[in-house]
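Q: Have a look at this one.
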Amino acid sequence: MIDSVRHPNTRLTMIAITDTIAISPDEIDERFVRASGPGGQHVNKVSSAVQLRFDLRQSRTLPKDLRQRAEKLAGRSLTREGVIVITADRFRSQERNRADALERLTTLLRQAAVRPKRRRPTRPGIGAVKRRLESKNKRGALKALRRNRPESD
């Protein structure tokens, strides 16, 4: 579900990504194109698919670290210029496709907003080292038994 928050100084509704991060609808460009798929003759006459474009690199509202993570997550939907392009044509209605494209964008940005945990380098415990060395010794002893077989007449 898309959360929207009224911007205090304007009439625009901000699109909430997290509690502290929101993007302006001005940063999103929507184009309506003809969709493929079900719909019969209607699909040839009406532009119901939505092509949503969001300029990630030029966004004024997103922090730099979030933009970098979003670039990695976007994959093939990111252009060389840093624009995320999402095409939504699952539904027959233009409004449902708009909502679907916006939902996919907000989901991507919410995933990017989650900071990965830093890995703290650790060492194996003393018991783990002892168990590993004991298993290596047992395996080596077993192989040594196979090696030194006396020849029988």
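Q: Could you say whether any residue in the stretch 113-123 is within 25 Å of R31 (Cα to Cα), hydrophobic (A, V, I, L, M, F, W, C), surrounded by 12 or more Cβ atoms within 10 Å (Cβ to Cβ) and in contact (Cβ under 8 Å) with a residue 12 or more places away in the chain?
A: Our first condition is that a residue be within 25 Å of R31 (Cα to Cα); within the stretch 113-123, this holds for none.
Checking the stretch 113-123: not a single residue is within 25 Å of R31 (Cα to Cα), hydrophobic (A, V, I, L, M, F, W, C), surrounded by 12 or more Cβ atoms within 10 Å (Cβ to Cβ) and in contact (Cβ under 8 Å) with a residue 12 or more places away in the chain.
Q: Would you say R76 is exposed (fewer than 13 other Cβ atoms within 10 Å of the Cβ) and at pLDDT below 90?
A: Values: exposed (fewer than 13 other Cβ atoms within 10 Å of the Cβ): yes; at pLDDT below 90: yes.
Criteria met by R76.
Q: So, in the stretch 78-99, exactly how many residues are of a type in the set (V, I, T) and either assigned to a loop (DSSP other than H, G, I, E, B) or in contact with a helix residue (DSSP H, G or I) (Cβ under 6 Å, 6 or more places away or on another chain) (or both)? Can you show your working first?
A: Going residue by residue through the stretch 78-99, those that are of a type in the set (V, I, T) are 79, 83-87.
Then keep just the ones that are either assigned to a loop (DSSP other than H, G, I, E, B) or in contact with a helix residue (DSSP H, G or I) (Cβ under 6 Å, 6 or more places away or on another chain) (or both); that gives 79, 84-86.
Looking only at that region, the number is 4.
Q: While we're on this one: Kindly evaluate E95 against the criterion of being at pLDDT 90 or above, of a type in the set (D, E) and out of contact with any His (no Cβ under 6 Å at 6 or more places or on another chain).
A: Values: at pLDDT 90 or above: no; of a type in the set (D, E): yes; out of contact with any His (no Cβ under 6 Å at 6 or more places or on another chain): yes.
When the stated conditions are applied, E95 does not pass them.
Q: Of all residues in the stretch 19-46 being at pLDDT 80 or above and touching a helix residue (DSSP H, G or I) at 6+ places or on another chain (Cβ under 7 Å), which is surrounded by the fewest Cβ atoms within 10 Å (Cβ to Cβ)?
A: If we take residues in the stretch 19-46 being at pLDDT 80 or above and touching a helix residue (DSSP H, G or I) at 6+ places or on another chain (Cβ under 7 Å), then F32 is surrounded by the fewest Cβ atoms within 10 Å (Cβ to Cβ).
Q: I'm trying to understand the selection: among the residues of the stretch 121-153, which are within 33 Å of the chain's Cα centre (by Cα) and of a type in the set (K, R)? Let's see the steps before the verdict.
A: Step one: of the stretch 121-153, the residues within 33 Å of the chain's Cα centre (by Cα) are 121-124.
Once the filter is applied, which keeps residues that are within 33 Å of the chain's Cα centre (by Cα) and of a type in the set (K, R), the stretch 121-153 yields only R123.
Q: Given the structure, is E134 closer than 30 Å to S48 by Cα, acidic (D, E) and outside any loop (DSSP other than H, G, I, E, B)?
A: Working: closer than 30 Å to S48 by Cα: no; acidic (D, E): yes; outside any loop (DSSP other than H, G, I, E, B): yes.
Answer is no for this residue.
Q: So which of R57, R118 is outside any helix (DSSP H, G or I), farther than 30 Å from M14 by Cα, within 24 Å of the chain's Cα centre (by Cα) and not polar (S, T, N, Q)? Steps first, please.
A: Details: R57 fails: farther than 30 Å from M14 by Cα.
Selected residue: R118, the only one of R57, R118 that is outside any helix (DSSP H, G or I), farther than 30 Å from M14 by Cα, within 24 Å of the chain's Cα centre (by Cα) and not polar (S, T, N, Q).
Q: Just to check your reading of the model, which residue among L52, L102, L62 is of a type in the set (A, V, I, L, M), assigned to a loop (DSSP other than H, G, I, E, B), in contact (Cβ under 8 Å) with a residue 40 or more places away in the chain and surrounded by 13 or more Cβ atoms within 10 Å (Cβ to Cβ)?
A: Values: L52 fails: assigned to a loop (DSSP other than H, G, I, E, B); L102 fails: assigned to a loop (DSSP other than H, G, I, E, B).
The unique qualifying residue is L62.
Q: Among the candidates A88, A112, which residue alone is among the small types (G, A, S), under 16 Å from the mean Cα position of the chain (by Cα) and modelled with pLDDT of 85 or more?
A: Working: A88 fails: under 16 Å from the mean Cα position of the chain (by Cα).
From the options A88, A112, the qualifying one is A112.
The values are calculated or read from the model by the stated rules, or taken from the named source; none is laboratory data. In this text the structure is predicted, and so the values were computed from the model without any measurement. Virtual Cβ from ideal backbone geometry, glycine too; neighbours counted across all protein chains shown.
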